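Data block below; observations after.
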Amino acid sequence: MLNNLFMFIGSLLIIGGLGMGLSNYLSREKKFSIIVAVFLAVLGIVFLFFDGTYFYAEPGYSYLVQYPTGRQVAVTQPGYHMKWWGNLIPFRKVVTVKFDTIRNSEFSGMEAPYKIRFIDAVTADVKASFRFRLPNNAEKFRKIAVDYRSQENLVLSSLVPSTKEVLRNSARILSAQEYISGKGGEFENAVMDQLQNGIYTLEIEEKEIEDEKIEEVVGARKIGKGKVVKYDVQIKRRNGEIIRKKHSILDYGITVVQSTIESVDPEKRFKEMLGQQRDAAAQASIEKEKAKQAEYRKQRIIAEGEAEKAQIQVEQEKEQIKRIVSAETQKKQAKIEAERRQIEKEILIKTREAELRAAELEAKAIKLRADALAYEKEKIMKADGALEKKLQAWIEVNKIYAESLTGAKLVPDIVMDSGNSTGGSSSAMDILELLKVKTAKDLQLNFKVGE
């Protein structure tokens with residue numbers, strides 16, 4: 001742009017200087033100074049010289065400078081550079097290739113939506129956009145510029161064909177049914193991977209399947225009634241590494257900046273089949289939902305029954321636990337009662353044993369006391385000749401005698417005295433005295449003092 005400006009200004013200055021000089025030469029009045037005219041013409045020549053020797057490299061562009069001598073120089077940095085009246089071939093640093101129905105001049109290359117064919121022979125129109133960055137290395141860029149001569153040639157001869165080949169090869173990896181079933185990401189990843197690293201080498205195995213119920217199946221193509229052909233696609237590998245075919249994008253060091261699959265529009269026949277599948281799937285979903293609801297009701301009834309059963313079981317278990325606890329409690333109480341009785345029995349036995357021991361001790365004590373008393377009495381008796389007992393016996397005998405004579409007349413009603421009486425005692429008294437003497441004699445008592 002600046003180069004054109006310099007050329008335009010230089011041309012104006014030269015034309016203006018020549019015009020002033022010519023006007024001054026033809027006019028008698030000499031309105032313009034010849035010096036000013038010459039200055040303007042020289043200044044215009046300087047601008048034209050500058051335009052021929054320098055050019056301004058705009059940001060976002062790389063240039064190939066073709067000198068008149070045949071020398072070719074790549075310029076990848078913005079700013080002023082020498083060109084020495086050479087030819088400039090500009091290239092955008094970032095080139096965009098787009099497949100779409102809408103035309104846009106901002107893109108370097110515009111193509112109609114590209115038709116791909118999936119492995120099951122279903123075709124589809126792909127709308128996509130790709131951005132490529134040209135190498136900043138001067139030597140690599142010079143090779144691109146020399147080989148293709150223009151950006152348009154680069155886009156149409158290399159970028160677009162390589163992109164189409166990648167799209168075509170990526171579609172052969174899976175079927176249309178697989179793509180719409182959730183494997184679209186695999187397709188997009190395959191496109192980006194092949195653009196960056198090279199095109200896959202594929203191995204496709206064809207298998208014929210016979211089944212009356214098969215219509216359109218995933219990864220298969222119908223070839224007759226009850227027959228389909230299924231394709232098994234494998235990416236070839238060697239020592240675990242994918243075998244690839246390089247394309248021109250890699251050969252020239254062009255970098256893939258962006259790969260966007262905007263839409264994949266399958267053919268009408270597949271859409272109709274997809275609609276039928278969708279309707280069938282919707283109906284199946286409805287039936288499935290009904291079956292789920294029926295199963296849910298069944299499960300709910302079963303669950304309620306199980307809940308009631310569990311409740312009854314819980315109640316029965318509670319009653320059983322109560323009975324068990326009651327039985328265990330009674331058992332424990334009986335055991336405690338038995339232990340209590342045993343303890344009482346043992347206490348009673350020990351008490352009786354203690355009482356017996358106490359009785360024995362008491363008996364022994366009594367015997368000892370009796371023995372001591374008997375011994376004491378025996379000693380006393382031996383000492384006084386059992387006087388105390390003899391006196392007691394004498395008293396008791398005399399008491400009996402006295403009781404026997406109670407009521408007897410000790411004095412007779414008629415007393416006859418022969419004149420020889422020695423005293424006034426009666427016969428009874430005499431008998432009493434005789435008995436006393438006899439008792440004393442029997443008991444060996446001596447009432448004489450000092451004897």
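The values are calculated or read from the model by the stated rules, or taken from the named source; none is laboratory data. All figures in this text were calculated on a predicted structure; none of them were measured in a lab. A quick note on method: Cβ atoms are made from the backbone with ideal geometry, for glycine too, and the neighbour counts reach across all protein chains shown.
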Among 176, 171, which is the only one that is of a type in the set (Gly, Ala, Ser) and either in contact with a Cys (Cβ under 6 Å, 6 or more places away or on another chain) or modelled with pLDDT under 90 (or both)? 176
Residue ranges of helices (runs of 4 or more DSSP H) in the stretch 145-203 with at least 1 members of a type in the set (Val, Ile, Thr): 160-171, 184-197
Could you tell me how many of the residues in the stretch 158-171 are within 25 Å of residue 268 (Cβ to Cβ) and either surrounded by 18 or more Cβ atoms within 10 Å (Cβ to Cβ) or not charged (D, E, K, R) (or both)? 4
Does residue 128 count as under 42 Å from the mean Cα position of the chain (by Cα) and in a helix (DSSP H, G or I)? no
State which residue pairs qualify: first residue β-branched (Val, Ile, Thr) and inside the stretch 326-349, second residue at pLDDT 80 or above in any location, beta carbons under 6 Å apart, and separation of 6 or more residues or different chains. none
Given the structure, is residue 241 of a type in the set (Asp, Glu) and closer than 30 Å to residue 143 by Cβ? yes
The stretch 90-120, residues that are at pLDDT below 85, crowded, with 16+ Cβ neighbours inside 10 Å and aliphatic (A, V, I, L, M): 110
